[in-house]
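None of the figures in this text is laboratory data; all of them are computed from the coordinates on show. Since the structure is predicted, the reported quantities are computational estimates derived from the model, not experimental observations. Virtual Cβ from ideal backbone geometry, glycine too; neighbours counted across all protein chains shown.
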Amino acid sequence: MIKLLLAFAFIAAIPLIPVPAGAQGVSQTIAKYKVDVTEVSTGYRSSKVVGASVVNEADEKIGTIDDLIVSRNDKVLYAIVSVGGFLGVGEKLVAVPFNGFQLTTDKTMLPGATKDTLKNMPKFDYQK
């Protein structure tokens, strides 16, 4: 009986034995980045940017930020702007490089833009 209990205890302890981790024998490293969290904390949260009204210099509403997308290759951030339509009907989505916007605590401005310039941009469709 004691031998049986010792056998069960040994089998139960096997998962607790430390084993070196690795991906098929390849050493792994994680790149280290220096992040200034104070600087990051002064940025704009995507949850606050998405849904924001976009205005021009004349303070005319010209669209709404529908989404934010980072391109795969060049890692550029784009704002997907909804323009035209009413309650989601007849709207058009366009992609605008995020660095073209001027953000303040109460405004998301796209200098030099109008509803018409946004409507004349190529339509953006999400890849399926």
### Query
With the dipole of region 49-119 worked out from charges on the C-beta (+1 for Lys and Arg, -1 for Asp and Glu) around the Cα centre, which of VAL55, GLY85, ASN73 lies farthest toward the positive end?
ASN73
### Query
So what are the ³J(HN,Hα) numbers for region 109-126, from phi and the Karplus equation (6.51, -1.76, 1.60; θ = phi - 60°), rounded to whole Hz, Gly and Pro as x?
10, 10, x, x, 9, 9, 4, 5, 5, 5, 4, 7, 6, x, 5, 9, 10, 5
### Query
What residues qualify as long-range amide H neighbours of PHE124, i.e. H under 5 Å apart, gap of 5 or more or another chain, H built at 1.01 Å from N?
LEU93, VAL94, ALA95
### Query
Roughly how big is region 49-119's charge dipole about its Cα centre, with Cβ charges of +1 (Lys, Arg) and -1 (Asp, Glu), in debye to the nearest 20?
200 debye
### Query
For q = 0.15, 0.20, 0.24, 0.25 Å⁻¹, what log10 I(q)/I(0) does region 49-119 give under the Debye formula with an equal point scatterer on each alpha carbon and no solvent?
-0.45, -0.78, -1.08, -1.15
### Query
What are the residues whose amide H is under 5 Å from the amide H of ILE62, where those residues sit 5 or more places off or on another chain and H is modelled from the backbone?
VAL54, VAL55, ASN56
### Summary
Cross-link reach from LYS128 to lysines, straight Cα distance under 26 Å and at least 8 residues apart if same chain, gives LYS48, LYS75, LYS92, LYS119
#### Entry: Per-residue HN-Hα couplings for region 99-108 [Karplus 6.51, -1.76, 1.60; θ = phi - 60°; Hz; x = Gly/Pro]
5, x, 8, 10, 9, 10, 5, 10, 9, 10
